[in-house]
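Since the structure comes first, as structure tokens, the remarks are kept for the end.
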Amino acid sequence: MKVYLDNNATTKVDEKVLEAMLPYFGEVYGNPSSMHGFGQESNKAMEEARKTIADILGVEASELVFTASGTESDNMAIRGVARAYKRRGNHIITSCIEHPAVRNTCKDLEKEGYEVTYLSVDENGLVDLEELKAAIKRETILITVMHANNEIGTIQPIEEIAKIANEKKIVFHTDAVQSAGKLKLKPKEMGIDLLTISGHKFYGPKGMGLLYIKQGTRLGKVITGGGQERKRRPGTSDVPGIVGMATALKAAVAHQEEECKRLSELRDYFEEELLKKVPEIVINAKGAPRLPGTSSVTFKYLEGESILLSLNYKGIAVSSGSACSSDELQASHVLLGIGIPVEFAHGTIRFSLGKYNTKEEIDYVLAELPPIIERLRMISPLWGEFVNK
Ligand SMILES: *Cc1c(COP(=O)(O)O)cnc(C)c1O
């Protein structure tokens, strides 16, 4: 049996999405910026896709900019605000558990003279609104806090954060890559100025990002070139990708409620059974509002990589830490951020469920995983020390 439980890293493209994209790799190949019929046909498809997404988000089509990844959208938002509002101030507030696309962009800006405050989070990964208020100063130009965390699934009180930012007239950006297609996402109602999403996290194509830019929000240029996307993001538009992203988002929101309920129940079942079968484990962020399909489990006295490889041998795909940090040997900043000791952070596995996962698959994992943990612990010196104590 093959079981893919790494849907927070990426998802399988929906067949309907692939079908919708195919014509734009074939017959309809004009450059949407061209004035002739070939170009106009592409342009029409692109603008229809933009309208579809705008309607879903409840925003104007002119407020949406297509990019080539969630990472690029995050960069465009953060660097764009940093440049445009430089004269007003140099202070940025973010959380200590952001995705590297946000975290490392902030770190990079620190080298350019910007000051960044990294808000702490509690054991569930939630930021403290009082700490946020206290961190704001005259020089603060941007607050960027993610909607839902990719490693532990914690959902931040984004509307309350937005309210604080709006009151102080500070631009508010949120990385909503993990929440798009899963949670309510209405930037205007929620007080969000800048919002990032990425197609491949909701069964759309990889290499397709989007940035919502509330009208009136100034952004300095990050990429220079031609006049595409109203001069906000130069580069020939990826028409198949854009069509694919719109089709994927439409499909995801159409079944959002039922699917979230199904995934939450499946995830809860998995966690309850696992707690019964395996001793000395911790389910991370269990006390917070969480993404429906995300389960972060710390297996004490073990290395995540050895669990990952043993599961892989059984056809089960999971991630240790986050996909982006799994090739680094450092413990995840998210897990350290919620207060897990370094030695335990290394033994953490993320199971991220998606729409193709079934109860049979979860039962298969529940059958294969406990003996793996038992076997690995038998040869773990840390486990040996623990048992002897
Ligand atoms: C995957 C992810 C990103 C990066 O998106 P890409 O399109 O892969 O660049 C950013 N933020 C979060 C929370 C993510 O999960």
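The values are calculated or read from the model by the stated rules, or taken from the named source; none is laboratory data. A quick note: this is a predicted structure, and the numbers were derived from the prediction, not measured. Note: ideal-geometry Cβ built from the backbone for every residue, glycine included; neighbour counts use all protein chains shown.
Of all residues in region 94-132, which are in contact (Cβ under 8 Å) with a residue 60 or more places away in the chain and β-branched (Val, Ile, Thr)? First the steps, then the outcome.
Here is the first cut: in region 94-132, the ones in contact (Cβ under 8 Å) with a residue 60 or more places away in the chain are 95-103, 120-126.
Answer for region 94-132, where residues must be in contact (Cβ under 8 Å) with a residue 60 or more places away in the chain and β-branched (Val, Ile, Thr): 97, 102, 121.
With respect to residue 190, determine if the residue is modelled with pLDDT of 95 or more and within 12 Å of the ligand (Cβ to nearest atom). For residue 190, the condition - modelled with pLDDT of 95 or more and within 12 Å of the ligand (Cβ to nearest atom) - is not met. Restricting attention to region 161-196, the residues that are out of contact with any Phe, Trp or Tyr (no Cβ under 8 Å at 6 or more places or on another chain) and of a type in the set (A, V, I, L, M, F, W, C) total 8.
Would you check if there is a residue in region 160-179 being hydrophobic (A, V, I, L, M, F, W, C), assigned to a loop (DSSP other than H, G, I, E, B) and surrounded by fewer than 24 Cβ atoms within 10 Å (Cβ to Cβ)?
yes
Report whether or not residue 185 is crowded, with 18+ Cβ neighbours inside 10 Å and either among the aromatic types (Phe, Trp, Tyr) or in a strand (DSSP E or B) (or both). Considered against the rule, which asks whether it is crowded, with 18+ Cβ neighbours inside 10 Å and either among the aromatic types (Phe, Trp, Tyr) or in a strand (DSSP E or B) (or both), residue 185 comes out as no.
A Cβ distance below 8 Å, combined with a sequence gap of six or more or placement on separate chains, defines the contacts here; from region 13-27, residues that are without any contact (Cβ under 8 Å) to a residue 40 or more places away in the chain and outside the structural domain of residue 248 (by TED's automatic domain parsing) reach no residue that is assigned to a helix (DSSP H, G or I) and surrounded by fewer than 17 Cβ atoms within 10 Å (Cβ to Cβ). Of everything in region 54-80 that is under 20 Å from residue 172 (Cβ atoms) and of a type in the set (Val, Ile, Thr), the residue that is farthest from the chain's Cα centre (by Cα) is 59.
Here residue 148 does not fit the description of being of a type in the set (Gly, Ala, Ser) and surrounded by fewer than 24 Cβ atoms within 10 Å (Cβ to Cβ).
For the condition under 16 Å from residue 230 (Cα atoms), buried (at least 17 other Cβ atoms within 10 Å of the Cβ), in contact (Cβ under 8 Å) with a residue 24 or more places away in the chain and in contact with a Ser or Thr (Cβ under 9 Å, 6 or more places away or on another chain), residue 46 qualifies. From the list 120, 73, 95, the one residue that fits, being closer than 22 Å to residue 153 by Cβ and either more than 14 Å from the ligand (Cβ to nearest atom) or at pLDDT below 95 (or both), is 120. Listed by position, the strands (runs of 3 or more DSSP E) enclosed by region 271-370 that each have at least 1 residues that are hydrophobic (A, V, I, L, M, F, W, C) and farther than 11 Å from residue 152 by Cα are 281-283, 294-299.
Within region 80-116, the residues that satisfy the criterion of being among the basic types (Lys, Arg) and either more than 20 Å from residue 215 (Cβ to Cβ) or outside any helix (DSSP H, G or I) (or both) are 86, 87, 88, 103, 107, 111.
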